[in-house]
Amino acid sequence: MCAERSAPSVSLDSLELLLHDLREEQRPDLLIRISQSLEDKNLIKAFDCSQSALNIALQLDNTKEILECNLQIARIRILQDSLNEARDFLKKIISYPEEISENDTVYDDFKLIKAKAEFLNALLCFYNSPDSVKKAILNVQNALFYLKNNNERLYLAYSYLMLGNLYFYLELYQQGLDFYEKSLSIINLHNFGQNKHLFFHKLFCLLNENPKPHSTSLSCHISPSHTKTDLITSLYIKLGHANSRICAYTKAKDYFDKAAEIAVLTHNFDAQICILSKIGSMYLEMEDYAKAKDFFERALEISTKRKSEVLMYSNAIQLARLYRQTKDFCRALDYLKVADTFGASPVPFNLKLAYTLEKGKIFFEQGNYGEAVACFKQYYDSCLAINAIPYLYELSYQIYRAQDSMGNYQDAILSYKQCRRFNDTLRAMDDKILLNVTELNLDIDRVESEMDILEKNMILKNIEVKRKRIIAVSSATGFTVMIIFTILIFLIHRRKRNAYDQLMEKNLAIIKEHSKQLSTKNKITESNSLDTQKSNDLLTRLNKLVDDQKIFLDPNISLKKLANKLNTNSTYLSRLINHNYQTNFTGFINEYRIKEAQKLMTEKTGQYLSIEGIAMKVGFRSKSVFNPAFKKHTGVTPSYYMNYIREVKTKK
């Protein structure tokens with residue numbers, strides 16, 4: 001019963017019953033599908049489904065299902081922000097013994113699952129420290145290794161996207177832009193299924209976070225990408241942001257407009273808020289404060305209506321930054337107070353840090369250096385604990401400025417030394433990461449070339465399959481036509497045979513009924529030009545000649561010779577035959593000869609004669625004259641007639 005089900009779409013009311021049935025029938029594959037469908041509705045139920053699927057897969061010892069279940073559980077744990085547990089499940093997948101043969105039917109699936117796990121591991125790095133960036137690069141390299149000899153272009157697109165984010169981290173915006181465009185071109189060219197997009201359910205939520213806290217643009221949290229349209233929208237946003245960072249503001253605005261058009265059509269409000277915020281940040285960089293204010297306020301208004309607290313928090317900080325740059329510190333602090341009202345909800349770490357930095361900068365510019373230092377030091381220890389070097393560099397620099405302005409030169413020197421140390425670490429890290437990224441680019445090029453070869457081979461294979469299909473269809477069509485043609489010939493032959501059989505039956509009846517005289521049709525009319533007494537006498541003598549003496553057996557018989565035998569003239573005899581037998585002399589003689597031939601064929605002596613022998617025996621000079629004459633009188637050929645007589649006798 002379950003084998004016939006498609007991807008389940010069930011209500012929560014009937015869910016328990018369905019889950020019970022699937023557990024009884026031991027269907028981990030369908031349990032995983034249900035788990036994926038529940039991610040947006042009930043994460044706890046989704047986790048229970050995937051855990052049940054894992055238990056069944058372990059009982060069945062199904063390697064592919066075990067790995068799929070671990071992957072699904074890891075994804076759910078990411079969505080639940082249980083990142084350490086997610087890492088544990090991903091580690092199980094990565095460390096799973098590679099004992100599957102390349103010839104195994106699940107080998108490609110096995111590699112894809114591992115590639116997905118590596119991608120998720122890369123997402124979990126968050127790019128918040130040098131070590132995490134290196135790990136992300138390593139994860140993408142490992143994913144590419146598993147994608148070798150596999151034509152999964154979607155995952156290559158995600159590799160490009162991650163590379164774009166890595167380059168952004170390194171502030172190599174042009175290279176990042178190039179990779180975003182390559183990712184977009186692949187996604188536009190290929191039609192990927194819904195399930196493949198669902199795998200990266202939280203991808204763009206994580207990747208849209210800005211990795212550097214000292215960047216002028218705050219992170220933008222948008223809803224998960226479920227469809228190709230949402231995915232393209234997110235990429236347009238990233239392309240707009242990338243162009244704005246290299247001061248290509250016109251191109252940036254074009255990309256933002258494209259993203260906005262799709263977001264409005266698809267009613268993607270989170271994306272609309274993100275676009276407005278990004279455009280506001282762009283105008284803020286251009287120092288067009290009026291336009292920046294307009295876009296930030298629109299973003300805050302929509303996020304307030306949607307009750308998107310994280311987005312409200314982010315846009316309130318943006319407005320505070322705008323007013324700080326225009327020296328309206330009171331309005332700036334007012335917007336930070338607005339952000340405080342949303343801060344009770346879980347807020348990403350980098351947003352909290354952005355809030356603290358903004359508040360400290362306002363205090364600094366107001367001359368409240370002590371309060372500024374207190375703000376900057378608030379998250380210093382937290383950044384130190386996770387080794388977030390870029391954050392530490394920014395904080396130590398701001399602390400140095402404030403302490404220097406206060407006249408605390410000794411503390412300022414210590415802060416400056418820390419700032420230099422973090423800066424040196426960043427430079428060294430950037431050099432190492434650039435080397436890692438170069439290696440990664442080589443891996444990307446290799447995988448691209450392998451995929452191109454695979455695509456060409458697939459095209460050639462499809463052409464060969466189509467050619468074979470055409471040949472097969474042509475052969476089948478030809479064979480069908482031949483069968484139909486054969487059947488038609490058989491039916492025509494059968495119909496003809498039946499007609500011949502009917503003719504034969506009639507001929508045999510005639511022979512039996514008129515064995516001693518010819519059948520004649522009496523004609524009532526015509527003139528009385530022939531003397532009745534004379535003609536009757538002549539007819540009697542004529543019948544005696546043909547019936548008794550069988551004068552027709554003479555091959556040299558002629559009208560004149562017959563007239564002499566009857567003591568009459570040929571003209572009168574011809575008129576007599578025409579009048580009484582409705583035929584000419586030749587037809588009259590041939591009719592007798594054919595009847596004699598039919599009679600001979602039915603007799604035992606005639607069975608051993610050839611067609612030509614019978615023809616000669618009944619008075620014909622040749623077979624070529626006998627055959628058409630026989631068919632004219634009987635409707636069938638002499639050979640068919642003889643075969644039919646033999647078949648009848650054999651049956652008897």
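The values are calculated or read from the model by the stated rules, or taken from the named source; none is laboratory data. None of these values were measured; they are calculated from a predicted model. When we count neighbours, we look across all protein chains shown, and the Cβ atoms used for this are built from the backbone with ideal geometry, even at glycine.
Side notes on the structure shown:
- In this entry, ARG621 passes the filter for residues that are of a type in the set (Lys, Arg) and within 17 Å of ASN556 (Cα to Cα).
- The stretch 381-427, subset under 56 Å from the mean Cα position of the chain (by Cα) and aliphatic (A, V, I, L, M), residue nearest to ALA354 (Cα to Cα): LEU395
- Residues (surrounded by fewer than 21 Cβ atoms within 10 Å (Cβ to Cβ), of a type outside the set (Val, Ile, Thr) and part of a helix (DSSP H, G or I)) located in the stretch 246-259: TYR249, LYS251, LYS253, ASP254, ASP257, LYS258
- For TYR369, the stated conditions do not hold, so it cannot be described as crowded, with 18+ Cβ neighbours inside 10 Å, more than 18 Å from ARG401 (Cβ to Cβ) and out of contact with any Gly (no Cβ under 6 Å at 6 or more places or on another chain).
- Residues of the stretch 119-135 classified as more than 20 Å from ASP88 (Cβ to Cβ) and modelled with pLDDT of 75 or more, total: 0
- Filter result for the condition that a residue is surrounded by 16 or more Cβ atoms within 10 Å (Cβ to Cβ), touching a residue at least 40 places away in the same chain (Cβ under 8 Å) and over 30 Å from TYR640 (Cα atoms), over ASN590, ASN580: ASN580
- Of the residues making up the stretch 602-637, those that are surrounded by 13 or more Cβ atoms within 10 Å (Cβ to Cβ) and assigned to a loop (DSSP other than H, G, I, E, B) are LEU609, VAL618, GLY619, PHE620, GLY635, VAL636, THR637.
- Number of residues in the stretch 601-619 that are touching a Lys or Arg at 6+ places or on another chain (Cβ under 8 Å) and at pLDDT 85 or above: the value is 5.
- Residue count, the stretch 545-565 (criterion: within 22 Å of VAL625 (Cα to Cα), assigned to a helix (DSSP H, G or I) and of a type in the set (A, V, I, L, M, F, W, C)): 6
- Evaluation of THR540 against (1) exposed (fewer than 14 other Cβ atoms within 10 Å of the Cβ); (2) touching a residue at least 60 places away in the same chain (Cβ under 8 Å) (one fails), failing number: (2)
- Checking each residue in the stretch 55-70 for being under 25 Å from ASN84 (Cβ atoms) and surrounded by fewer than 18 Cβ atoms within 10 Å (Cβ to Cβ) picks out ASN55, LEU58.
- Residue within the stretch 100-116 that is of a type in the set (Phe, Trp, Tyr), assigned to a loop (DSSP other than H, G, I, E, B) and either out of contact with any Gly (no Cβ under 6 Å at 6 or more places or on another chain) or modelled with pLDDT of 75 or more (or both) present: no
- Within the stretch 318-325, not a single residue is free of Cβ contacts under 8 Å to residues at least 24 places away in the same chain, surrounded by fewer than 16 Cβ atoms within 10 Å (Cβ to Cβ) and touching a helix residue (DSSP H, G or I) at 6+ places or on another chain (Cβ under 7 Å).
- Close Cβ contacts (under 8 Å, 6 or more residues apart or on different chains) running from residues in the stretch 355-383 that are closer than 18 Å to SER314 by Cβ to residues that are buried (at least 20 other Cβ atoms within 10 Å of the Cβ) and of a type in the set (Lys, Arg) comprise GLU358/ARG321; GLU358/ARG324; LYS361/ARG324; ILE362/ARG324.
- Selection status of ASN643, crowded, with 16+ Cβ neighbours inside 10 Å and part of a helix (DSSP H, G or I): no
- Some residue of the stretch 147-168 being modelled with pLDDT under 75, closer than 15 Å to ILE94 by Cα and of a type outside the set (S, T, N, Q): yes
- Annotation note: Cβ proximity below 9 Å between a residue of the stretch 135-146 that is touching a residue at least 60 places away in the same chain (Cβ under 8 Å) and a residue that is part of a helix (DSSP H, G or I) and of a type in the set (Ser, Thr, Tyr) (sequence gap 6+ or interchain) occurs for VAL140/TYR158; VAL140/SER159; LEU144/TYR155; LEU144/SER159.
- Restricting attention to the stretch 273-306, the residues that are more than 18 Å from LEU336 (Cα to Cα), basic (Lys, Arg) and at pLDDT 90 or above total 2.
- Qualifying residue in the stretch 186-198 (condition: crowded, with 16+ Cβ neighbours inside 10 Å, assigned to a helix (DSSP H, G or I) and at pLDDT 50 or above): yes
- All positions within the stretch 269-280 that are within 23 Å of MET162 (Cα to Cα), buried (at least 24 other Cβ atoms within 10 Å of the Cβ) and not β-branched (Val, Ile, Thr): ALA271, CYS274, SER277, LYS278
- Residues of the stretch 387-427 that turn out to be free of Cβ contacts under 8 Å to residues at least 12 places away in the same chain, buried (at least 16 other Cβ atoms within 10 Å of the Cβ) and among the β-branched types (Val, Ile, Thr), as a count: 0
- Filter result for the condition that a residue is at pLDDT 85 or above and assigned to a loop (DSSP other than H, G, I, E, B), over THR568, THR520, THR525: THR568
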